[in-house]
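Working notes, beginning with the structure itself.
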Amino acid sequence: MDKKIKLLRIVTQAEVVPWHLKNFIERAEKDYDLYITGDNVSRYNEVYPYVTFIDNQIYRKVSIYHDLKALSKLIFICLKIRPQIMHSIMPKAGFLGAIAGLISFIPIRIHTFTGQVWNTKSGIGRMAYKFLDRFVLLCNTACLTDSPSQSNFLAQNGFLVKGKPIAYLGKGSLSGVNLEKFDVSIVKDRNVLRKELGIGENDFVYVYLARKSLIKGIKEIFESFNRLAFLPNTKLLFIGPDESNGYLDVLFEQYSNIKDKIISLGIVKDHEKYLAISDVLCLPSSSEGFGSVVIEASVLGVPAVGFDIVGLQDSIENDFSGILVPYKDVVRFSEAMLKLYKDEEKLMKMKVNARDRGLKYFSADAIYSFQNQFYKSLIKEKLNK
């Protein structure tokens, strides 16, 4: 039997574990001696007893004191564990990981780009964040993106590896979809959960499932849904942690006329159940590496509406598994939402298309296989040098 590969994954916050690493973790026990470090990740000790979780408070925002503290601890972790592979995800984890990996002489250092902070900025801020991403690219021995369109976008901005776009796994995605968990059979119980949430059996449900922040489109979803206020029997399931710094209160006050139609929840357990009771996923995000929630919804037969941006261009096949509209065009976004409400035939066709596409390309088993092969190819390449 092959010896297990010692792998260190670096994340920013604990939520990244269930959001992006869960499917890999559940398949990794036989192949990897797995360590995960990040803010408060030890909360998953009992869930995954075969994984070593190491807390390290990595702030998403810039804080020189806390960043230096996190970097020092990360270097200590690297020197203590001596992993064969170090793999970071999210911008701050990638930057600190790049420095720690270099200082600690980790032989294989990988970062996955999941969306660019600088893409929505201008001036000095754009230049600074772009420089940091270039630093991460140069300091790692290999990099990935989580979607073809993101690889192409980065290539257009000069981010190349040996003259070629950065690689991605399969057709994109960080970890794929667990088809056992995201199974259409849970749709059978949809009316039970709908009743608990105060949603009628015949209500048409739009769902927003993301961080409640400006970059993820909380302003645009309120504006779009408000334009549909005249429709009877519509609800908006508004799910995710509040990262709006108080702006959400402003929106609820501004759009008080639709407040009764919005069911606002924080972080939910088993979010697949909430997707399953919905009709259309709405993701008016400004920045997405791929849009994992889109493919999770798709295997449950829930089409999506999103902006035509890098990442979503891969998870949503326009006019097939969902609808893409011009970036920040709230009028077109609301029109797409309305179209799927009014045109039942089109909605049903998209539901079938979304599910077929999700099953064909984005199963967790397939993505794990791609990732496993990628890691092993890098080790083989390193041994042959």
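Throughout, read-outs are computed from the coordinates displayed, never taken from laboratory work. Since the model is a prediction, treat every value here as computed from it, not as a measurement. Backbone-built Cβ (ideal geometry, glycine too); neighbour counts: all protein chains shown.
Just a few scattered comments:
- Selection from Ile309, Tyr327, Leu231, by position along the positive dipole direction of the stretch 230-385 (Cβ): Ile309
- Potential lengthening of the chain between Asp319 and Asp183 amounts to 46.6 nm, from the contour at 0.36 nm per residue minus the alpha-carbon distance.
- Annotation for Lys349 and Glu29: the two label points, set 7 Å from Cα along the Cα-Cβ direction, are 4.6 nm apart.
- Percent of beta bridges antiparallel (DSSP, the chain, rounded to nearest 5): 5
- Distance in nm between pseudo-label sites at Tyr65 and Asn233 (7 Å out along the Cβ direction from Cα): 5.7
- The fewest-to-most ranking of Phe290, Phe113, Phe252 by surrounding Cβ atoms within 10 Å reads Phe252, Phe113, Phe290.
- Estimated translational D of the chain in µm²/s (Stokes, Kirkwood radius over Cα pairs; 25 °C; 0.890 mPa s): 113
- Cβ-defined net charge surrounding Ser334, 11 Å radius [Lys, Arg +1; Asp, Glu -1]: -1
- Rounded, prolate or oblate (a/c below 1.5 giving rounded, otherwise prolate when a/b exceeds b/c) for the stretch 40-195 by Cα gyration tensor: oblate
- In this simple spin-label model, placing a label point 7 Å from the Cα along the Cα-to-Cβ direction at both Ile99 and Phe252 gives a separation of 3.9 nm.
- Remark on the stretch 184-361: ratio of C-alpha radius of gyration to 2.2 N^0.38 Å is 0.94.
- Relative exposure of Ile10, Ile267, judged by other C-beta atoms within 10 Å (fewest first): Ile267, Ile10
- Amide H partners (placed H, <5 Å) of Ser363, local residues excluded: Val177
- For Gln150, net neighbour charge (Lys/Arg +1, Asp/Glu -1) across residues whose Cβ lies under 9 Å away: -3
- The dipole here belongs to the chain: it is taken about the Cα centre, uses +1 on the Cβ of Lys and Arg and -1 on the Cβ of Asp and Glu, and is about 1340 debye.
- From phi via Karplus (6.51, -1.76, 1.60), per-residue ³J(HN,Hα) for the stretch 159-168 in Hz, x at Gly/Pro: 8, 10, 10, 6, x, 10, x, 4, 6, 9
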